[in-house]
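Below is one structure, written out as structure tokens; the observations come after it.
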Amino acid sequence: MTGPLGWLDRPDERRGIRFAEPDGSWRLWSYAELADLVRRYAGALRDAGVGAGDVVSIVETTGPRFVGLLFGTMLAGGAASPVAPPPPFGDRARWAEHLRGVLRASTPRLVVHDPALSLVAEVCAEAGVPAYDGERLLACAAAAVGPPPPPGPDGLALVQFTSGSSGRVRGVRVPHAALAATVAGIQRWLRMTPDDPTASWLPVHHDMGLVGCLLAPVATGSDLWLMSPGDFVRRPLRYLECFGRRGARLTAMPAFGLDHIVRRVPPEALTGLDFSAWRAVIVGAERIRPALLAEFARFTAPHGLRREALLPAYGLAEATLSVTGLPLDTGWRTATVEQAEVVGCGRPLAGAQVTVVDDDCRAVPDGTVGEIVVRGPSVAAGYLPAAGDDTASRTRIVDGEVRTGDAGFVADGELFVLGRLGDGVKVRGRMLLAEDVEAAAVAACGAPVGRITALLGQVGDEPRVVLLLARPEPGWLPAACAAAEVVAEGVPVEPIVVPVGAVARTSSGKPRRRLMWQDYLAGRLGLGEPATNGPATREPATNGPATDGSAGVLATR
């Protein structure tokens, strides 16, 4: 076998995945043990009726069962479709409706779920979709049988659901060839070998955690230290110890992960940790604040992490994952656009071709802002049939290219990403983006990532900025509003105080700006109370990234 399944032919008995245990220990599953689990699940899925091209929805938490089902589905000839499990303290009804939408869009042959997630079985019963407890599926299956040969390069390997930041979630069809191209591109980019362990806390249900921090290390045959997002939120030092004590060298995270570390880990807690072998921290998110990169670099430098190890990157599910990334050992750079400092996201990876076009889809010169368009071998094969109207999304796959709906420009071959075209308004002939307003407001008051969210749109014929301030501290409000007003050049700014955790986010953690703007216009926003000069009185739901893997986690767009 080749591609992401190639490791099954000669699984290593010495290396494997170490899963974080609740008691602080790590449970090692060697690749030989995992390969056996994969083959057993492939046989069990075939026994349950999965055939070539069938979609299998996997609703599992981070653990060996997820790995066995993911690769087992592909080995059985099906397309694995990971679905983030319901949040432990979230809105169960809302998540159930999300799962119904996923089932309508993907029409899976069956759903396999964590035994503790009874809600999954309830929703599947309503929808008439067979649902299997992951443990019982394995226990009740016949002895593992040899699965059919894996499908060809055009067969589907994955169905990735987009995060829904710009519209309804959609199922992206990822063929084996596109997945193999992305994994190979990541391996070349990071010069990955079996001697380069990875550590990750990212959810395994979305592209960067799934492809970049699970499939790529497994395909390489390198050790992997795997935590859940909740583990990371509660104990970020445990994650850092993977690099400072256990030898991990590669990782990826959104910008707010860096922020969480520097705010929650006391500098003295790093005593004795050695980061000198840690050579790559891929940073992918919406907009990366240069000050945050510098702060993280200063925080870790006394313990050996080099500035050049921080690698800003850009990607999206429609390109399987990776589009651009900063080359190793080069160091990030910034550019100034409309008085905003923007971090470069590197050069094209995995054979990708990146073009910036104007409103008529014509390529624009270097340094000119337009829409980012991507072509290449990792571009997905389109979407599943839409389960409803998804025209709100600006991202689309047309004739083998991804029209991303993201604004950016190219300078000296490097891509600079500004934000979503759908999250802005025209002001005096230029596009004002929510990310620009948000970055200025955050910088002005020093708020943590995620505590201030900007919404932009039209109220009648006039543009308006709405600032959502999550439980602001004294002084945030005037500073944030003043900075937003400067960037917005006279556009009215309306602040609203909300509890921490109240901002609507996608399953990968990005603000659902369009949804919240529509709620604002309809008078349904109802997240908090009119802002005052003092902090809100309500207690926050959390003060950091979400703990469940279904919110507050990575998006690579």
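Structure summary
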item: Boolean, residue 56 is touching a helix residue (DSSP H, G or I) at 6+ places or on another chain (Cβ under 6 Å), closer than 19 Å to residue 129 by Cβ and buried (at least 24 other Cβ atoms within 10 Å of the Cβ); result: yes
item: Any hit, segment 375-383, residues being closer than 30 Å to residue 442 by Cα and touching a residue at least 60 places away in the same chain (Cβ under 8 Å); result: no
item: Test: residue in segment 483-493 that is touching a Ser or Thr at 6+ places or on another chain (Cβ under 9 Å), at pLDDT below 85 and not polar (S, T, N, Q); result: no
item: Exclusive hit being crowded, with 24+ Cβ neighbours inside 10 Å and more than 23 Å from residue 10 (Cα to Cα), set 252, 269; result: 252
item: Residue in segment 13-23 that is outside any strand (DSSP E or B) and more than 23 Å from residue 211 (Cα to Cα) present; result: yes
item: Members of segment 265-276 that are within 17 Å of residue 248 (Cβ to Cβ) and in a helix (DSSP H, G or I); result: 270
item: Among the candidates 403, 307, residue that is more than 22 Å from residue 158 (Cα to Cα) and not assigned by TED's automatic domain parsing to the domain that holds residue 56; result: 307
item: Any chance residue 68 is touching a helix residue (DSSP H, G or I) at 6+ places or on another chain (Cβ under 7 Å) and assigned by TED's automatic domain parsing to the domain that holds residue 118; result: yes
item: Near pairs, Cβ below 7 angstrom, 6+ apart or cross-chain, from segment 505-531 (more than 27 Å from residue 206 (Cβ to Cβ) and surrounded by 15 or more Cβ atoms within 10 Å (Cβ to Cβ)) to any residue that is modelled with pLDDT under 70 and not basic (Lys, Arg); result: 528/536
item: Any hit, segment 419-434, residues being at pLDDT 90 or above and either within 19 Å of residue 359 (Cα to Cα) or touching a Phe, Trp or Tyr at 6+ places or on another chain (Cβ under 7 Å) (or both); result: no
item: Selected residue (criterion: farthest from residue 385 (Cα to Cα)) from residues of segment 80-100 that are over 20 Å from the mean Cα position of the chain (by Cα) and touching a residue at least 24 places away in the same chain (Cβ under 8 Å); result: 89
item: The one condition in (1) among the aliphatic types (A, V, I, L, M); (2) modelled with pLDDT under 90; (3) assigned by TED's automatic domain parsing to the domain that holds residue 89 that residue 119 fails to fulfil; result: (2)
item: Test result for residue 324, under 30 Å from residue 485 (Cα atoms), of a type outside the set (Lys, Arg) and touching a Pro at 6+ places or on another chain (Cβ under 8 Å); result: no
item: Filtered residues of segment 305-316 (kept if touching an Asp or Glu at 6+ places or on another chain (Cβ under 9 Å) and either over 19 Å from residue 190 (Cα atoms) or buried (at least 18 other Cβ atoms within 10 Å of the Cβ) (or both)); result: 309, 314, 315, 316
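Rundown of residues vs (1) surrounded by 22 or more Cβ atoms within 10 Å (Cβ to Cβ); (2) touching a Pro at 6+ places or on another chain (Cβ under 7 Å); (3) of a type in the set (Ser, Thr, Tyr), yes/no style:
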site	(1), (2), (3)
318	yes, no, no
328	no, no, no
341	no, yes, no
365	no, no, no
372	yes, no, no
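The values are calculated or read from the model by the stated rules, or taken from the named source; none is laboratory data. Quick caveat, the model's predicted, so the values are computed rather than measured. Positions of Cβ are backbone-derived with ideal geometry, glycine not excepted, and every protein chain shown enters the neighbour counts.
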